[in-house]
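Okay, structure first, notes after.
The values are calculated or read from the model by the stated rules, or taken from the named source; none is laboratory data. These numbers come from a predicted model, not from an experiment. Counting neighbours? That spans all protein chains shown, and the Cβs are built from the backbone with ideal geometry, glycine included.
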Amino acid sequence: METLLDIIIIIVCIAALWQGAELVVNSATRIARKIGMSDLVIGLTVVAIGTSAPEFAVTVVAALEGQSDISVGNVVGSNIFNLGFILGGLALLKGIATTKTMVYRDGGMLIGTTILLIIFLYDLSLSRIESAVLLIILVAYVGFLIYRRAESEEHIPEGEFNWLDIPKFIVGIAIIVTAGHFFVEAASDLARLIGLSEWVIGVTIVAIGTSAPEIATSLVALLRGQSGMSAGNLVGSDLFNLLGVLGLAGILNPMVVNPAAQSSIFLLGGMVLLVVIMMRSGWRLSRWEGGVLILITLGRWILDFTR
């Protein structure tokens with residue numbers, strides 16, 4: 001009975017995180033327009049952070065509650081899921097055209113960031129100084145993009161400002177934080193009840209759940225024939241997860257993770273490198289390459305659950 005209740009709570013929280021993120025992105029976008037922010041800045045900050053809001057909420061809550069395995073596992077797992085399952089699935093359904101900017105600038109940044117995280121977590125801990133470095137890199141990167149007037153590939157919601165957007169934004173934040181708390185509690189209980197480690201739960205179930213906005217964004221982009229934009233969004237989301245989410249969580253509470261984390265972190269590094277190579281080869285992600293990414297992700301899940 002407890003297991004069923006935890007599963008129900010997790011499902012409800014996933015839906016709440018998704019809806020909360022939608023509220024935050026839509027209302028914050030209109031508020032930002034009202035105070036004079038450009039679509040570029042909105043896309044690089046408000047929308048990008050909004051779609052990563054579930055990861056922020058779950059990772060920060062888990063870090064503050066001393067559940068570092070769920071905290072780091074969520075970010076690593078979400079990134080693997082984004083690149084392996086979502087991006088791979090998009091490519092499998094319809095080959096994705098890539099650009100030099102996406103490959104060299106964003107892909108190169110993602111490779112460098114992932115390597116840095118591997119170095120930081122080599123001793124199975126993330127200190128406040130290391131976390132601050134991650135956050136500083138994110139701020140510098142966003143600042144660089146704005147300075148260069150780089151075009152944001154984030155979809156900017158339409159609509160005019162309404163005074164109700166302010167309470168909607170506050171309600172959205174409250175939903176995300178509350179759902180994040182109960183999500184972490186239920187996932188931890190489930191891990192203990194069925195004998196799985198918190199790391200495995202974090203890197204699989206929690207990671208999939210917090211990737212809900214990315215799944216929605218990618219499907220919408222695919223249906224609109226904007227699969228390239230979707231790929232750019234996923235790469236950008238991974239950068240925000242590694243630099244912003246982990247950076248903030250580690251500053252609030254330094255983390256120590258399970259030794260099992262190393263293999264997943266190395267897998268993430270290998271997958272990031274493979275994805276960038278695939279995007280560079282022929283300047284597109286083909287269907288068979290998408291299939292390979294999905295198989296790698298499924299193989300990893302099987303190893304995690306049978307370990």
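Across the range 237-262, which residue is modelled with the lowest pLDDT among those that are more than 16 Å from Thr210 (Cβ to Cβ) and of a type in the set (Gly, Ala, Ser)?
Ala260
State whether the residues of the range 60-68 include one that is among the aliphatic types (A, V, I, L, M), in contact with a Lys or Arg (Cβ under 9 Å, 6 or more places away or on another chain), more than 16 Å from Ile215 (Cα to Cα) and assigned to a helix (DSSP H, G or I).
no
Within the set of pairs 6+ apart or on separate chains, which have a first residue in the range 4-29 that is among the aromatic types (Phe, Trp, Tyr), a second that is not in a helix (DSSP H, G or I), and C-beta atoms under 6 Å apart?
From the range 4-29, no pairs qualify.
Cβ-Cβ below 6 Å, separation at least six or inter-chain, first residue in the range 290-307 and within 20 Å of Met279 (Cβ to Cβ), second part of a helix (DSSP H, G or I) and small (Gly, Ala, Ser): which pairs?
Gly290/Gly88; Gly290/Ala91; Leu293/Gly84; Leu293/Gly88; Ile294/Gly88; Ile296/Gly84; Thr297/Gly84
Residues that are at pLDDT 80 or above, part of a helix (DSSP H, G or I) and more than 28 Å from Leu87 (Cα to Cα): does the range 196-216 have at least one?
Looking for residues that are at pLDDT 80 or above, part of a helix (DSSP H, G or I) and more than 28 Å from Leu87 (Cα to Cα), one finds none in the range 196-216, hence no.
Being over 11 Å from the mean Cα position of the chain (by Cα) and at pLDDT below 90 is the filter here, so list the residues in the range 73-84 that pass it.
Scanning the range 73-84 gives a single hit, Gly73.
Having 3 or more residues that are within 24 Å of Thr101 (Cα to Cα) is the bar; report the helices (runs of 4 or more DSSP H) wholly within the range 241-307 that clear it.
The qualifying helices (runs of 4 or more DSSP H) are 261-280, 287-306.
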